[in-house]
There are 2 protein chains.
Amino acid sequence: MIEVFIIDDHPMVVAGIQALLNHSEVVRICGAAHDAGTALEMLGTSTAQVVLVDINLPDMNGIDLCVLMRKEFPKLKILGLSTFKERSYITRMMEAGASGYLLKNASKEELEDAVVAANKGRAYLSMEVAATLAVAQSVPSAIPMLTAREKEVLHLIAEGLTNQEIADKLFISILTVDSHRKNLLAKFGVKNTAAMIKTALELRLIAF
Amino acid sequence: MIEVFIIDDHPMVVAGIQALLNHSEVVRICGAAHDAGTALEMLGTSTAQVVLVDINLPDMNGIDLCVLMRKEFPKLKILGLSTFKERSYITRMMEAGASGYLLKNASKEELEDAVVAANKGRAYLSMEVAATLAVAQSVPSAIPMLTAREKEVLHLIAEGLTNQEIADKLFISILTVDSHRKNLLAKFGVKNTAAMIKTALELRLIAF
DNA sequence: TTTCATCTCCCGTAAAAAGGGGATTTTATC
DNA sequence: GATAAAATCCCCTTTTTACGGGAGATGAAA
């Protein structure tokens with residue numbers, strides 16, 4: 001029996017996965033948490049071999065949690081879980097060390113297959129996910145690697161703050177903000193703020 | 001017993017709702033469909049009093065489906081169901097004639113309460129949803145009424161074009177583009193492009 | 001026919017942002 | 001302690017936006 005732990009803040013989804021895997025002969029749900037914090041605690045004393053992680057958690061995003069879990073529990077296999085088949089999400093999740101990525105419209109069979117594959121150390125992607133990735137490869141829309149400070153500045157730009165206001169808020173010179181902004185535009189490969197905000201939102205580097 | 005029909009393309013969610021309402025003494029699941037088309041067919045011969053409708057369906061969006069169902073089955077009570085607590089979505093769903101709006105992180109109790117309230121003809125909103133709406137009211141971020149030309153300009157701004165480039169593309173003076181831009185900023189109630197693009201995307205006035 | 005919204009164009013000023021260099025100091029890593 | 005990456009600050013120029021006012025043409029609805 002492969003033991004699975006669920007991290008998802010939607011009771012319906014947790015109950016759904018439990019219901020779907022209830023009569024499985026290979027997989028067993030051994031626990032669930034509704035946020036990253038309690039999940040990390042519970043995993044310390046858990047015997048789970050595979051975790052199902054929702055991408056959107058109340059206290060942390062799935063990618064960061066993935067990185068944390070890889071450090072703390074290296075043997076644990078991680079399966080991403082989300083409603084969205086967005087290139088950026090999927091690739092980032094896989095880069096963060098996930099063994100696979102499932103959409104929430106996955107069937108019982110897909111779910112079971114994914115867990116089994118992950119447990120064997122193999123990667124698993126839903127059919128639809130694999131398809132989007134195939135398309136994604138032909139149109140490589142790379143995700144800019146932003147530094148912490150750049151992300152911070154990007155957020156404030158998106159809020160509508162001017163360089164001066166950002167400088168005041170971060171207690172740095174406006175010249176520095178200007179530099180960050182310059183670097184951001186370069187990394188995004190765009191020539192003005194409007195396009196940058198659009199692609200940043202598209203790539204989920206910022207949220208509404 | 002209130003009979004509930006579920007329209008959602010995520011097997012986990014359908015199974016989850018069923019599991020959550022399984023032992024309920026007031027609510028009973030009487031059927032489910034994974035897309036709008038089959039749902040409309042099945043509802044014709046269904047005895048359901050309440051429908052739970054996911055906002056994102058493969059063949060139609062929840063708002064349009066809501067309007068359709070209101071026409072075809074006026075007695076049916078509709079509850080929107082979604083992961084997102086976006087003002088625009090919620091209000092539009094309610095305007096389309098829904099009796100309520102539930103988040104997918106609703107608890108068993110919330111779910112049951114919502115169905116009961118809807119069946120009695122009362123509106124129901126999840127706690128979180130009500131909170132976001134309350135915030136929305138205090139900060140009236142109504143959806144700006146944009147003219148056709150303004151939408152056109154907004155799109156081109158989002159693409160990263162400058163006023164000059166937009167003027168060339170639309171065969172109008174740069175001064176005109178400037179005016180449209182001014183009016184856009186005013187209508188959005190923001191003071192620069194970055195904030196405008198963000199809210200425009202949030203309100204779905206433009207897409208990625 | 002008048003009113004109203006929309007689209008168009010105009011003036012002028014001030015403030016931001018974009019673009020092109022550079023340089024110095026932290027900070028983390030090897 | 002050397003290396004590299006990040007964060008900080010600097011100068012200069014040009015372009016683009018933002019913001020304050022208008023004002024005429026057109027077409028549709030009242």
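Read-outs throughout are calculated quantities, based only on the coordinates presented, and are distinct from any laboratory measurement. Here the structure is a predicted model, which means the values were calculated and not measured. So basically every Cβ, Gly included, is an ideal-geometry build from the backbone, and we count neighbours across all protein chains shown.
Some points to look at:
- Spatially proximal aspartates and glutamates relative to A:K182 (Cα-Cα < 13 Å; intrachain offsets below 8 disregarded): A:E150
- Under the simplified labelling scheme, the A:E165-B:E159 pair shows an inter-label distance of 2.9 nm, with each label point 7 Å from Cα along Cα→Cβ.
- Teacher prompt: B:K71 distances to equivalent labels in other copies, 7 Å Cα→Cβ, nm: 5.6
- The 3J(HN,Hα) values that the Karplus relation (6.51, -1.76, 1.60; θ = phi - 60°) gives for segment A:64-69 are, in residue order, 5, 4, 4, 4, 4, 5 Hz. Gly and Pro appear as x.
- Counting only DSSP beta bridges whose two residues both lie in chain A, roughly 5 percent are antiparallel.
- Most mobile of B:Q49, B:Q18, B:Q164 in a GNM of chain B (Cα contacts under 10 Å): B:Q164
- Computed 3J(HN,Hα) for segment A:25-30, one whole-Hz value per residue from the Karplus formula 6.51 cos²θ - 1.76 cosθ + 1.60 where θ = phi - 60°, is 9, 10, 10, 9, 7, 10, glycine and proline marked x.
- Pairs from A:K77/B:K108; A:K151/B:K191; A:K187/B:K169 whose Cα-Cα separation, in the structure shown, is over 24 Å: A:K77/B:K108; A:K187/B:K169
- Cβ-based net charge around B:G121, under 12 Å, with every Lys or Arg adding one and every Asp or Glu removing one: +4
- Rounded to 5, percent antiparallel among DSSP beta bridges of the protein assembly as shown: 5 percent
- For chain B, the mean residue ellipticity at 222 nm estimated from helices alone is -15500 deg cm²/dmol, where every DSSP H run of n ≥ 4 contributes -39500 (n - 2.57) and the total is divided by all residues, rounded to the nearest 500.
- Near B:A15: Cβ cut-off under 15 Å, other residues only, Lys/Arg at +1 and Asp/Glu at -1. The net charge is -3.
- In order along segment A:163-178, phi translates into HN-Hα couplings of 4, 4, 5, 5, 4, 4, 5, 9, 6, 10, 6, 5, 5, 5, 4, 4 Hz, rounded to whole numbers, per the Karplus curve 6.51 cos²θ - 1.76 cosθ + 1.60 with θ = phi - 60° and x for Gly and Pro.
- Across the identical copies, the label point of B:L175 (7 Å from Cα in the Cβ direction) is separated from its matches by 4.0 nm, in order from shortest.
- Cα→Cβ-extended label distance, 7 Å offset, between A:D178 and A:D59, nm: 4.3 nm
- Gain on full stretching of the segment that runs from A:M1 to A:V116 - 0.36 nm per residue minus C-alpha separation: 40.4 nm
- Under 5 Å, built H, 5+ apart or other chain: amide partners of A:Y124: A:G100, A:Y101
- Other-chain or far-sequence residues with amide H under 5 Å of B:A33's (modelled H): B:I6, B:I7, B:D8
- Computed over chain B: relative contact order in percent, which uses C-alpha pairs under 8 Å that are six or more apart: 14 percent
- Label-to-label distances for A:E159 across copies, nearest first, come out at 3.2 nm, using points 7 Å from Cα in the beta-carbon direction.
- Principal-axis tilt of helix A:127-138 within chain A, Cα atoms, nearest 10 degrees: 30 degrees
- Order by protection proxy (mean Cβ within 10 Å, highest first), peptides B:169-177, A:199-207: A:199-207, B:169-177
- Counted charge near B:K191, where neighbours are those whose Cβ lies closer than 13 Å (Asp, Glu -1; Lys, Arg +1): +2
- Global geometry of the protein assembly as shown, whether rounded, prolate or oblate, following the gyration tensor of its Cα atoms and the 1.5 cut on a/c: oblate
- Amide H within-cut-off set for B:V27, under 5 Å, with H built and near neighbours excluded: B:I2
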